1. To the nearest 20 debye, what charge dipole does the stretch 39-122 have about its Cα centre, counting +1 at the Cβ of each Lys and Arg and -1 at the Cβ of each Asp and Glu?
2. Report, to one decimal in Å, the Kirkwood hydrodynamic radius for the stretch 43-113 based on all distinct Cα pairs.
3. Per-residue HN-Hα couplings for the stretch 93-98, Karplus 6.51 cos²θ - 1.76 cosθ + 1.60 at θ = phi - 60°, whole Hz, x for Gly and Pro?
4. How would ILE69, ILE147 line up by accessible area, probe 1.4 Å, largest first?
5. What's the magnitude of the charge dipole for the stretch 76-154 around its Cα centre, counting Lys and Arg as +1 and Asp and Glu as -1 at the beta-carbon? Answer in Debye, nearest 20.
6. Zone of THR117 (label point 7 Å along Cα→Cβ, backbone N under 18 Å): which residues in the stretch 66-103?
7. Kindly report, to the nearest 10 Å², the accessible surface of ASP140 as traced by a 1.4 Å probe over protein heavy atoms only.
8. Could you give the semi-axes, largest first, of the ellipsoid that matches the stretch 52-155, computed as the square roots of 5 times the alpha carbon gyration tensor eigenvalues and rounded to whole Å?
Amino acid sequence: MSTSTTARRLAAVVLTTAALGGVAALPASAAGHPAPQHRPDVRISRVQYDSPGREDGSNRSLNREWVEITNTTRHAVNLGGWTLSGRDHHTYTFHHYRLGARATVRVHTGIGHDTRTDLFQDRRHYAWDNHSDTAVLRNDHGRTVDIASWGRRHR
């Protein structure tokens, strides 16, 4: 075997090894795997779908059913026009509400006076199914921002 043939083979091995190493170094999404899910900046952080105590339909019981929305950013977010809805298509629309930086607001089902930390849907019936439901938060363009589901799906 000549020196030039050995040099060419060695060069081919080095190039092949480098090419394979480059494929292994690609990010997972480029290698055909989905990229990790990005946590939304504004998200559904907690849901109290089963009102504690006796569910008697009273306003007190209705307001013990709630969804918390949290802003995880360092900047306030205008939620005007955003919606929170369930599988039964009941929808709460945020009006002129600004969620502060790293703040949380609790959206209650019943009737009440809105504050910086508590908003009220002013409903006279429970909004969330105790056994199975899905809360969907959408921005003012109708795009889904976050989803929280519980129980087994009936539908």
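1. Working: 12 positive and 10 negative charges, 93 e Å.
The calculated dipole for the stretch 39-122 is roughly 440 debye.
2. Numbers: mean 1/r = 0.0763 Å⁻¹.
Computed over Cα pairs of the stretch 43-113, the Kirkwood hydrodynamic radius comes out at 13.1 Å.
3. 10, 6, 10, 6, 10, 10
4. On the way: ILE69 0, ILE147 95 Å².
Greatest to least solvent exposure: ILE147, ILE69.
5. On the way: 11 positive and 8 negative charges, 31 e Å.
Roughly 160 debye, rounded to the nearest 20.
6. It comes to 66-72, 98-103, nothing else.
7. Surface accessible to solvent at ASP140 totals approximately 90 Å².
8. Working: eigenvalues 101, 59, 28 Å².
Ellipsoid semi-axes (Å, largest first): 23, 17, 12.
The values are calculated or read from the model by the stated rules, or taken from the named source; none is laboratory data. Just so you know, these numbers come straight off a predicted model, no measurement behind them. Heads up, the Cβs are rebuilt from the backbone with ideal geometry, glycines too, and the neighbour counts pull from every protein chain shown. Protein only, heavy atoms only, side chains kept; ligands, DNA and RNA dropped before computing areas. Shrake-Rupley method; radii C 1.70, N 1.55, O 1.52, S 1.80 Å.
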